[in-house]
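Visitor: Questions regarding the structure given below will be posed in turn.
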Amino acid sequence: MILSSAKKINKLQSWILASRPKTLPAAFVPVAIGSALAYNDNQFNAGAVAVALICSFLIQIGTNFVNDLYDFIAGTDKKDRVGPTRVLASGLISVNEMKIGISITFSSAFILGMYLVYISSWITLIIGIVSIIAGFAYTAGPFPLAYNGLGDVFVFLFFGFVGTIGTYYVQTLTVTEFVVWASVPVGALITNILVINNYRDIDEDRLAGKNTLAVKFGRNFTRFQYVSFMILSYLVPFIAFFTYKQSYLLFLPLITIPLSIKLIRMIYIFEGKELNKTLELTAKLSAIYGILFAIGILV
């Protein structure tokens, strides 16, 4: 019994590892911003927010599972990789187990998402289906986005525009210019998580034939991309303030500028495994910025 329990705990820990908890702010921030905007327009729906958040987490986790599976099949992930441990490459989870995990995760997201379709419109169904397909297309299929330099575009679109605007839409059945602008820093800072990941793995990805933007255009371009997304993110509160809502609380995200400066210094100084810390802090920045921006919109 003791051995059996230990095995169960280890398997549970393996699935938690496979879900990549440090990347999950990417699922939370779009829902937080979209919900804050709906509240600002007096159309907040707590039930819709709860379901949207669960679906967002499930799609993010499912995408991570697909990424783990197909990077392993393609030979991109190895035991001695520079980045964090991957469960298939480490033998913690089998290919068949991962396929089952992917099926359960995406199926659960689809079933729960039908509630959002019920309270909104068929457009939400299209958004959900496209999001799930994109989760597979990121690393699977005949033209995997991550292997052809389109991973950054995917992340910016789905975690920025689709996640934020979709959350707002299921509560209001409308889309405003304010919510479109508010989705820009969400997409930019979450994309930077991928940018750091690709920057760290540039040599491994080149050898494996994974043609990320970092591989295609090199380290200088990738650093420029990272800094540009930072700058873009800090411009949006000014646009929001002067155009849509003149509240100084919209500038709360500027509190995170010292962390951004630290991260920019890290990407110019660190290499290899050192960049794992940069990756973690980039994810935290996206979460902190998102929470502060949501508060600024709410109050």
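The values are calculated or read from the model by the stated rules, or taken from the named source; none is laboratory data. Bear in mind the structure is a predicted one, so any value in this text is a computation, not a measurement. Glycine also receives a Cβ, built like all others from the backbone with ideal geometry; neighbour counts cover every protein chain displayed.
Visitor: Which condition number in (1) part of a helix (DSSP H, G or I); (2) within 21 Å of the chain's Cα centre (by Cα); (3) farther than 18 Å from Gly187 by Cβ is the one that Lys210 fails?
Guide: The single condition Lys210 does not satisfy is (1).
Visitor: Could you run through region 242-270 and say how many residues are of a type outside the set (Ser, Thr, Tyr) and touching a residue at least 12 places away in the same chain (Cβ under 8 Å)?
Guide: Qualifying residue count for the region: 15.
Visitor: Follow-up question, since we're still on this one. How many residues are at pLDDT below 90 and surrounded by 17 or more Cβ atoms within 10 Å (Cβ to Cβ) when one looks only at region 202-213?
Guide: Of the residues in region 202-213, 4 are at pLDDT below 90 and surrounded by 17 or more Cβ atoms within 10 Å (Cβ to Cβ).
Visitor: For the condition in contact with a Gly (Cβ under 6 Å, 6 or more places away or on another chain) and either closer than 15 Å to Leu194 by Cα or in a helix (DSSP H, G or I) (or both), what is the one hit in Lys277, Lys273, Lys216?
Guide: On inspection, the qualifying residue turns out to be Lys216.
Visitor: Confirm whether Ile196 is β-branched (Val, Ile, Thr), crowded, with 19+ Cβ neighbours inside 10 Å, more than 30 Å from Gly47 (Cα to Cα) and in contact with a Ser or Thr (Cβ under 6 Å, 6 or more places away or on another chain).
Guide: Values: β-branched (Val, Ile, Thr): yes; crowded, with 19+ Cβ neighbours inside 10 Å: yes; more than 30 Å from Gly47 (Cα to Cα): yes; in contact with a Ser or Thr (Cβ under 6 Å, 6 or more places away or on another chain): yes.
Spelling it out, Ile196 is indeed β-branched (Val, Ile, Thr), crowded, with 19+ Cβ neighbours inside 10 Å, more than 30 Å from Gly47 (Cα to Cα) and in contact with a Ser or Thr (Cβ under 6 Å, 6 or more places away or on another chain).
Visitor: On to the next question. Tell me which residues, restricted to region 62-77, are within 13 Å of Ala134 (Cα to Cα) and either out of contact with any Ser or Thr (no Cβ under 9 Å at 6 or more places or on another chain) or without any contact (Cβ under 8 Å) to a residue 40 or more places away in the chain (or both).
Guide: none
Visitor: Let me ask something else about it. Val95 passes all but one of (1) under 21 Å from the mean Cα position of the chain (by Cα); (2) modelled with pLDDT under 95; (3) aliphatic (A, V, I, L, M); which number fails?
Guide: The failed condition is (1).
Visitor: Taking Ile102 as the residue in question, decide whether it is under 14 Å from Leu17 (Cβ atoms), among the aliphatic types (A, V, I, L, M) and modelled with pLDDT of 90 or more.
Guide: So Ile102 fails the test.
Visitor: Working only within region 200-218, note down all residues that are of a type in the set (Lys, Arg) and in contact (Cβ under 8 Å) with a residue 12 or more places away in the chain.
Guide: Arg200, Lys210, Lys216
Visitor: Are any residues in region 170-192 surrounded by fewer than 23 Cβ atoms within 10 Å (Cβ to Cβ), over 13 Å from Phe293 (Cβ atoms) and within 20 Å of the chain's Cα centre (by Cα), and if so, which ones?
Guide: Val180
Visitor: How many residues, within region 121-140, are among the β-branched types (Val, Ile, Thr), surrounded by 17 or more Cβ atoms within 10 Å (Cβ to Cβ) and part of a helix (DSSP H, G or I)?
Guide: Start the filter on region 121-140 by keeping residues that are among the β-branched types (Val, Ile, Thr), which leaves 123-124, 126-127, 129-130, 132-133, 139.
Subset that is surrounded by 17 or more Cβ atoms within 10 Å (Cβ to Cβ): 124, 127, 132, 139.
Add one more test, that the residue is part of a helix (DSSP H, G or I), and what stays is 124, 127, 132.
Number satisfying all stated conditions: 3.
Visitor: For region 164-181, name all the residues that are without any contact (Cβ under 8 Å) to a residue 40 or more places away in the chain and either assigned to a helix (DSSP H, G or I) or polar (S, T, N, Q) (or both). So that I can check it myself, show each step before the final result.
Guide: To start, the set of residues in region 164-181 that are without any contact (Cβ under 8 Å) to a residue 40 or more places away in the chain comprises 174-175, 180.
Result: Thr174, Val180.
Visitor: Failed condition for Ala50, given (1) surrounded by fewer than 19 Cβ atoms within 10 Å (Cβ to Cβ); (2) touching a residue at least 60 places away in the same chain (Cβ under 8 Å), with all others met?
Guide: (2)
Visitor: Quick test for you: out of Val49, Val31, pick the one residue that is modelled with pLDDT of 95 or more, closer than 24 Å to Phe136 by Cβ and assigned to a helix (DSSP H, G or I).
Guide: Residue meeting the stated conditions: Val31.
Visitor: Is it the case that Phe159 is part of a helix (DSSP H, G or I), modelled with pLDDT under 95 and under 21 Å from Phe44 (Cα atoms)?
Guide: The answer is yes for Phe159.
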